[in-house]
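As structure tokens, the structure follows; a few thoughts come after it.
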Amino acid sequence: PTHPPVYPPPKAPKIAPVYPPPKSPSKPPTYAPPPKSPSKPPTYAPPTKPPTYAPPPKPPVYPPTKPPTAPPAKPPVHPPTYPPPSPSPPKPPTYPKPQRSLVAVQGVVFCKSCKYAGSDTLLGAKPILGATVKLTCKNTKYKQEATAKTDKNGYFFLQAPKTVTSFGAHKCTVSLVSSPMAKCSKPSDLHGGLKGATLRPEKPFTANKLPFILYTVGPFAFEPKCY
């Protein structure tokens, strides 16, 4: 009857069973750390930084190119100021030219036809060879004169005294003096041949390295003696 203390063995099985196993499964759920590790890889925040292409927007700082455009626009304003001085210099040189120009005169002398004697026309007129004309200038204290004779075409050319310049040409006249033809020797006042004709400027020219202005008078004519 003392053997009944067999009860302790059943107690041992009761201790061994359940408690340790549930503790071991409770440890595996500590896999919470692994999910933390994957959470770190998604820190692709660095890739998000590269898209910060904010540097490219900085290049559009091309506004500095605009200031260079503004200065060029201003310089053109200054050049237009230079033309005004340039036209003024060429004008002065035109004034000394007439002062240095001497005077030369040309013209033609005819003998009127008997048909139109006494008329202011040269119809049928013929040139006179050897007719004399005179240039008279009153631009100085003393009267200046020069004469010339016509060629076979009735043409004459004479140079005024060097004391006469183009400035005084308006005070000069040319008139008929004489004709070598006895039957055509009366000066007519056609174009001022008798009273004196004023000079008409034609063109400048140079003779013996001296500047001249060529003037024209006439044409003049002598009246014929018709029987």
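Before moving on, here are some points about what is shown:
- Cross-chain or 6+ apart pairs with Cβ under 7 Å, region 110-130 first and farther than 19 Å from residue 192 by Cβ, then among the hydroxyl-bearing types (Ser, Thr, Tyr) and at pLDDT 95 or above: 129/150; 130/150
- Single residue of 221, 146, 182 found to be in contact with a Phe, Trp or Tyr (Cβ under 6 Å, 6 or more places away or on another chain), of a type outside the set (Val, Ile, Thr) and either assigned to a strand (DSSP E or B) or over 22 Å from residue 102 (Cβ atoms) (or both): 221
- Meets criteria (in contact with a Leu (Cβ under 6 Å, 6 or more places away or on another chain) and at pLDDT 95 or above) for residue 131: no
- Set 197, 148, 182: member being in contact with a helix residue (DSSP H, G or I) (Cβ under 6 Å, 6 or more places away or on another chain), aliphatic (A, V, I, L, M) and closer than 30 Å to residue 225 by Cα: 197
- All conditions but one from (1) within 17 Å of residue 120 (Cα to Cα); (2) loosely packed, with under 13 Cβ neighbours inside 10 Å; (3) touching a residue at least 60 places away in the same chain (Cβ under 8 Å) apply to residue 195; the one that does not is (3).
- Hey, residue 157 under 44 Å from the mean Cα position of the chain (by Cα), of a type in the set (Phe, Trp, Tyr) and at pLDDT 95 or above or not: yes
- Some residue of region 153-169 being touching a residue at least 60 places away in the same chain (Cβ under 8 Å), assigned to a strand (DSSP E or B) and either touching a strand residue (DSSP E or B) at 6+ places or on another chain (Cβ under 9 Å) or surrounded by 15 or more Cβ atoms within 10 Å (Cβ to Cβ) (or both): yes
- Matching residues in region 123-152 - criterion: being of a type in the set (A, V, I, L, M, F, W, C) and either surrounded by fewer than 19 Cβ atoms within 10 Å (Cβ to Cβ) or closer than 20 Å to residue 210 by Cβ (or both): 123, 129, 135, 137, 146, 148
- Scanning region 99-139 for residues that are among the hydroxyl-bearing types (Ser, Thr, Tyr) and either under 20 Å from residue 185 (Cα atoms) or out of contact with any Ser or Thr (no Cβ under 6 Å at 6 or more places or on another chain) (or both) yields 113, 116, 119, 121, 132.
The values are calculated or read from the model by the stated rules, or taken from the named source; none is laboratory data. Owing to the predicted nature of the structure, the values given are computational and were not obtained by experimental measurement. Ideal geometry is used to build each Cβ from the backbone, glycine not excepted, and the neighbour counts take in all protein chains shown.
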